[in-house]
């Protein structure tokens, strides 16, 4: 009897359990997804994302040794990479509201994606980041995706208001823009990654503004002069000058000897120095005079013509200073580093020098990982002065993931009476990438105008 009762009770319990299971299934099926995801699940996921943030960034970074600068990235790929924040947990509490880059409708397939940034209030060393706005932007470069890279400023000695910006397109060539941003010339000559300029190279006994760029298509030096009447570039290469692997490039004019040199940097960490010379027929030739080696990827560089320094950015590490003369050897000092204790967030990118009086002035460097620019004293131990970001304005959008930069302190007419700072923009809101122009006095209070008639950069 007891066995039969237990059997009946078991059947009833089984039926009740089945009914409860059906009811629970119905409730779960009808519930919205937001109810099903518990706060704990999001919290764990968020912590995991933050913990792996640097690893993800290393994999997806626009410039890595494995993706050849991601020159073939699609817009969606770059948007995903940029969406990764470099914000550290201890910085999050001091973060500002998110800035949204203006998104304008466009029918162009090359239009920039909508980008949302987390604007940190401070850099990795706790220094505040100041927002500054550009007043002019150039026409977009002809090539789509990650193309614009590096600017150089030519100061017109006859009429500074007619000065130009020479900008590289690492997918196809080099362009020339006026100070209103209009493209004046485009030379489809190959994958020009970095470009630099010096105003007084002796060619055929006459001083000319020489422009040099690293051509990644065939690892050669692109050499041009600026025609001061037309403002156009004219080829002056004596031959195809093949160097080691091309990634970055910059020029140096020695105060000691008057000679001009071309530095070329590589993803392998190699640096080569080449002397440029007149071949006697009105063309420019070159010979290698020095080699250096760093431990990882190097691109951005700049040379101080007056003080004889050569600065180079080891992208994941920081800024190094060498002697710029060909016999200076390989002794180096570190100016700043990425991460904790430094003011930089990898990658370390474009560099420029603003010349002042008596060896004073500023070294400015692109801190690509947090879309900012770091300003140091040119003299002494390169004291940190400030960190700023070119933020979206009412008329001109800001800059993100900046590669190359340039600056010059000179009266360039009504638009830029104290000089100009030029920065590549990795996400232009009006199509392909381009360059943004900022009045220099917005960055440096009362900049002293240099007697030099050209900026030196990267």
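The values are calculated or read from the model by the stated rules, or taken from the named source; none is laboratory data. None of these values were measured; they are calculated from a predicted model. Methodologically, a virtual Cβ is constructed for each residue, glycine included, from the backbone with ideal geometry; neighbour enumeration extends over all protein chains shown.
The set of residues in region 344-378 that are on the phi > 0 side of the Ramachandran plot and in a strand (DSSP E or B) contains only 361.
Per the conditions (1) over 12 Å from residue 176 (Cα atoms); (2) part of a strand (DSSP E or B), the sole criterion not satisfied by residue 145 is (2). Residue selection: residue 256 satisfies the criterion of being part of a loop (DSSP other than H, G, I, E, B) and either within 27 Å of residue 207 (Cβ to Cβ) or touching a residue at least 40 places away in the same chain (Cβ under 8 Å) (or both).
Conditions (1) modelled with pLDDT under 95; (2) touching a strand residue (DSSP E or B) at 6+ places or on another chain (Cβ under 8 Å); (3) buried (at least 20 other Cβ atoms within 10 Å of the Cβ); (4) farther than 23 Å from residue 208 by Cβ, marked per residue:
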{"site": "238", "(1), (2), (3), (4)": "no, yes, no, no"}
{"site": "241", "(1), (2), (3), (4)": "no, yes, yes, no"}
{"site": "265", "(1), (2), (3), (4)": "no, yes, yes, yes"}
{"site": "279", "(1), (2), (3), (4)": "no, yes, no, no"}
{"site": "283", "(1), (2), (3), (4)": "no, yes, no, no"}
{"site": "293", "(1), (2), (3), (4)": "no, yes, no, yes"}
{"site": "299", "(1), (2), (3), (4)": "no, yes, yes, yes"}
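Looking at this structure, is residue 226 buried (at least 17 other Cβ atoms within 10 Å of the Cβ) and under 19 Å from residue 412 (Cβ atoms)? The answer is yes for residue 226. Answer yes or no as to whether residue 365 is over 12 Å from the mean Cα position of the chain (by Cα), closer than 19 Å to residue 251 by Cβ and surrounded by 21 or more Cβ atoms within 10 Å (Cβ to Cβ). Spelling it out, it is not the case that residue 365 is over 12 Å from the mean Cα position of the chain (by Cα), closer than 19 Å to residue 251 by Cβ and surrounded by 21 or more Cβ atoms within 10 Å (Cβ to Cβ). Among the residues that make up region 197-208, is at least one of them closer than 27 Å to residue 135 by Cα, crowded, with 22+ Cβ neighbours inside 10 Å and within 21 Å of the chain's Cα centre (by Cα)? Yes, that holds for at least one residue.
Considered as a group, the residues in region 169-188 that are farther than 16 Å from residue 235 by Cβ and part of a strand (DSSP E or B) include one that is farthest from the chain's Cα centre (by Cα), and that residue is 184. If you go through region 277-311 and keep only what is closer than 14 Å to residue 267 by Cβ, in a strand (DSSP E or B) and without any contact (Cβ under 8 Å) to a residue 60 or more places away in the chain, you end up with 293, 298.
Might you check whether a residue that is assigned to a helix (DSSP H, G or I) and modelled with pLDDT of 95 or more occurs anywhere in region 388-395? No, there is no match, as no residue in region 388-395 is assigned to a helix (DSSP H, G or I) and modelled with pLDDT of 95 or more.
Of the residues making up region 189-214, those that are within 24 Å of residue 147 (Cα to Cα), without any contact (Cβ under 8 Å) to a residue 60 or more places away in the chain and not in a strand (DSSP E or B) are 189, 190.
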